[in-house]
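Can you read through this structure? Questions will come right after.
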Amino acid sequence: MYAQMVDTGLNKVVDASQMSPQEQAFQARIDADVKVEPRDWMPEAYRRTLVRQIQQHAHSEVVGQLPEGNWVTRAPTLKRKAILMAKIQDEAGHGLYLYSAAETLGVSRDDLIDDLHAGKVKYSSIFNYPTLNWADIGAIGWLVDGAAIMNQIPLCRCSYGPYARAMVRICKEESFHQRQGFDIMMAMCRGSADQKAMAQDALDRWWWPSLMMFGPSDAESVHSAQSMRWKIKLLSNDELRQRFVDQTVPQAEYLGLRVPDPALRWNAQSGHYETGPIDWAEFQAVLRGHGPCNRDRIRVRKEAWDDGQWVREAAMAHARKRAERESRAAA
Amino acid sequence: MTSEWPLWEVFIRSQHGLAHKHAGSLHASDAEMAMKNARDVYTRRNEGVSIWVVKSADVVASAPGDREALFDPANDKVYRHPTFFPMPDEVKHI
Ligand SMILES: [Fe+2]
Ligand SMILES: [Fe+2]
């Protein structure tokens, strides 16, 4: 997902007998769906895991602007351009809400950004794929934002108050993102044969990476089991992926596009679609830094950060100078 | 040198809202920038008609440990609620 394979730092799920009374009380409150707030006591592993998860999520929102930004100047109409800019601006906001939520856990914004630039913390694998043409902007909104919504809606109920509240805001804004993407796909599928072929090509390239966004099956994962006990993960990766497939395949059919999976079939008994195997070797390679755009994404992020350094410093110096002048005038 | 801007808390009053409500936080070098950023980040869809920004460092918050001391005393003062006083059916408008 936007936060993939989040490590809890634990090698087994903590059971009640190993917990201190304080930890037991904490778990009892989570079980009772009481939200954890920044100043409440929390186990160190809970805090650390949340920082990692929220931080990955925030970085994904920010880095996710890059593939889309690639097409702002080449949007086919002024209207599409304005819409795309509004969408990208929302993603900047999502990053900010999430960084703020992470900061309530006692980490600084600059440290979070340094971690991204140093490659210590990842962002979603999906943003390491290139946007080759305008149809990719449609496919991203439809599939990538669609997958993100799938993951983010349950997180509105997560146990950490600031994270849950950020998710509520984000979910309100996301459905516009998915719809504008589908709207682009509809326009292309109703257009010329060439345009429809572009839409098909975009689906061919984005389908599998979108399914990979949910991460490998975590049925056996200690980290996922622990995160679920803490209610910072609500549904398993496979469950979310299945929901996404079930929702998206009929949408592709509506567009008259073919999902690039020869094994895809409807199972009337289970009421779900069955899919072919996912190439997890590709996913692992992308995570290790060998996706088509990994290096480029971080280079562009760092450049933007470094180029903005003097602005951040000048604004602070200006604020200090003005405050001094005001206090002198008051004295 | 670290140049991290101070953190601000943002409160928004919506069109039909009776009070300002906490919307989130942001970094800004001064109050003017905090106001501009709050507008950009928290009112892109007509969420508000009024914004307050307050330096996070200036917020004084109650401690979770003081919950009982602060809030429990209200529990045994049910007479503060109008429902504590049953009124005869014949008496109207009260
Ligand atoms: Fe987003
Ligand atoms: Fe989005």
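The values are calculated or read from the model by the stated rules, or taken from the named source; none is laboratory data. All values derive from a computational prediction rather than experimental measurement. Quick reminder, even Gly has a Cβ in these numbers, built from the backbone with ideal geometry, and neighbours come from all protein chains shown. Heavy atoms of the whole protein, side chains included, go into the accessibility calculation; ligands, DNA and RNA do not. Shrake-Rupley method; radii C 1.70, N 1.55, O 1.52, S 1.80 Å.
Return the distance in nm (one decimal) between the two label points of a simple spin-label model at B:A63 and A:D114, each offset 7 Å from Cα along Cα→Cβ.
3.0
For the pair B:A31 and A:S270, how long in nm is the line joining their label points, each one 7 Å along Cα→Cβ?
Taking the simple label geometry, B:A31 and A:S270 are separated by 6.1 nm.
Something else now. Determine the order of A:E303, B:E4 by accessible area, beginning with the largest, at a probe radius of 1.4 Å. Kindly include the intermediate steps, with their values, before the conclusion.
Working: A:E303 90, B:E4 60 Å².
Greatest to least solvent exposure: A:E303, B:E4.
Run the quick spin-label model on B:L70 and A:Q24: label points 7 Å from Cα toward the beta carbon, then report their separation in nm to one decimal.
So the two model labels end up 2.8 nm from each other.
Please report, to two decimal places, log10 I(q)/I(0) for the range A:178-267 at q = 0.14 Å⁻¹ as given by the Debye formula with identical point scatterers on the Cα atoms and no solvent.
Values returned for q = 0.14 Å⁻¹ are -0.61.
With respect to the cross-link table entries A:K79/A:K233; A:K81/A:K172; A:K87/A:K231; A:K81/B:K36, which display a Cα-Cα separation exceeding 27 Å? Display every interim value, and only then the final one.
Working: A:K79/A:K233 38 Å; A:K81/A:K172 22 Å; A:K87/A:K231 29 Å; A:K81/B:K36 24 Å.
Pairs exceeding the cut-off: A:K79/A:K233; A:K87/A:K231.
Next question, about the same structure. Among A:S108, A:S221, A:S192, which one moves the most in a GNM of chain A with springs linking Cα atoms closer than 10 Å?
Of the options given, A:S192 has the highest mean-square fluctuation.
Mind checking the full-extension length gain between A:V300 and A:M85? Use 0.36 nm per residue of separation minus the Cα-Cα distance, one decimal, nm. Each step should come with its number before you reach the end.
Working: separation 215, 0.36 × 215 = 77.40 nm, distance 1.83 nm.
Here the answer is 75.6 nm.
For chain A, what relative contact order do you get, as a whole percent, if you take Cα pairs closer than 8 Å and at least 6 residues apart?
Relative contact order for chain A comes out at 21 percent.
Less than 13 Å Cβ to Cβ from A:R288, Lys/Arg counted +1 and Asp/Glu -1: what total charge do the surrounding residues give? Show your work: numbers first, answer last.
Numbers: positive: A:K122, A:R295; negative: A:E282.
Here the count lands on +1.
Over the protein assembly as shown, average the accessible area per residue using a 1.4 Å probe and give it in Å², no decimals. Kindly include the intermediate steps, with their values, before the conclusion.
On the way: 22100 Å² over 425 residues.
Here the residues of the protein assembly as shown average 52 Å² of exposed surface.
Provide the net charge surrounding A:G256, with neighbours chosen by a C-beta distance below 10 Å and charges set as Lys +1, Arg +1, Asp -1, Glu -1. Mind showing how you got there, number by number?
Working: positive: A:R190, A:K196, A:R258; negative: A:E253.
Charge balance in the 10 Å sphere: +2.
Between chains A and B, what is the buried accessible area in Å², counting both sides, with a 1.4 Å probe and ligands, DNA and RNA left out, to the nearest 100? Mind dumping the intermediate values first?
Working: alone 16130 and 7970 Å², together 22100 Å².
Approximately 2000 Å², summed over both chains.
Considering every residue in A:93-102, what mean count of other chain Cβ atoms within 10 Å of its Cβ is obtained? Walk me through the numbers on the way to the answer.
Values: counts 6, 0, 0, 8, 6, 0, 3, 9, 2, 0.
Averaged over the peptide's residues, the number is 3.
Less than 12 Å Cβ to Cβ from A:I83, Lys/Arg counted +1 and Asp/Glu -1: what total charge do the surrounding residues give? Walk me through the numbers on the way to the answer.
Numbers: positive: A:K79, A:R80, A:K81, A:K87, A:R179; negative: A:E68, A:D90, A:D183.
Net of charged neighbours comes to +2.
Report the gain in length on full extension from A:E220 to A:D31: 0.36 nm times residue separation, minus Cα-Cα distance, nm rounded to one decimal.
Details: separation 189, 0.36 × 189 = 68.04 nm, distance 2.19 nm.
Full extension of this stretch gives 65.9 nm more.
If I ignore ligands, DNA and RNA and count only protein heavy atoms, how much of B:D58 is accessible to a 1.4 Å probe, in Å² to the nearest 10?
110
Subtract the Cα-Cα distance of A:T73 and A:A285 from 0.36 nm times their separation in residues, and report this length gain in nm to one decimal. It would help to have the intermediate numbers written out before the result.
Numbers: separation 212, 0.36 × 212 = 76.32 nm, distance 3.11 nm.
So the chain would gain 73.2 nm between A:T73 and A:A285.
Please report the equivalent ellipsoid semi-axes of the protein assembly as shown, computed as sqrt(5 x eigenvalue) of the Cα gyration tensor, largest first, in whole Å.
On the way: eigenvalues 305, 177, 122 Å².
Taking √(5λ) for each eigenvalue gives 39, 30, 25 Å, largest first.
How large, in percent, is the carbon and sulfur part of the accessible surface of the protein assembly as shown at a probe radius of 1.4 Å?
Numbers: 12360 of 22100 Å².
Roughly 56 percent, rounded to a whole number.
Starting from the eigenvalues of the Cα gyration tensor, five times each then square-rooted, give me the equivalent ellipsoid semi-axes of the range A:69-157, largest first, whole Å. Walk me through the intermediate numbers first.
Working: eigenvalues 145, 50, 39 Å².
The answer is 27, 16, 14 Å, longest axis first.
Report, largest value first, the span of the C-alpha coordinates of chain B along each principal axis, in whole Å.
Rounded to whole Å, the extents work out to 71, 36, 16 Å.
Determine, at each q value in 0.11, 0.12 (inverse angstroms), the log₁₀ of I(q)/I(0) that the Debye formula gives when each Cα of the range A:218-292 is one equal point scatterer.
Relative scattering, expressed as log10 I(q)/I(0), comes to -0.42, -0.49.
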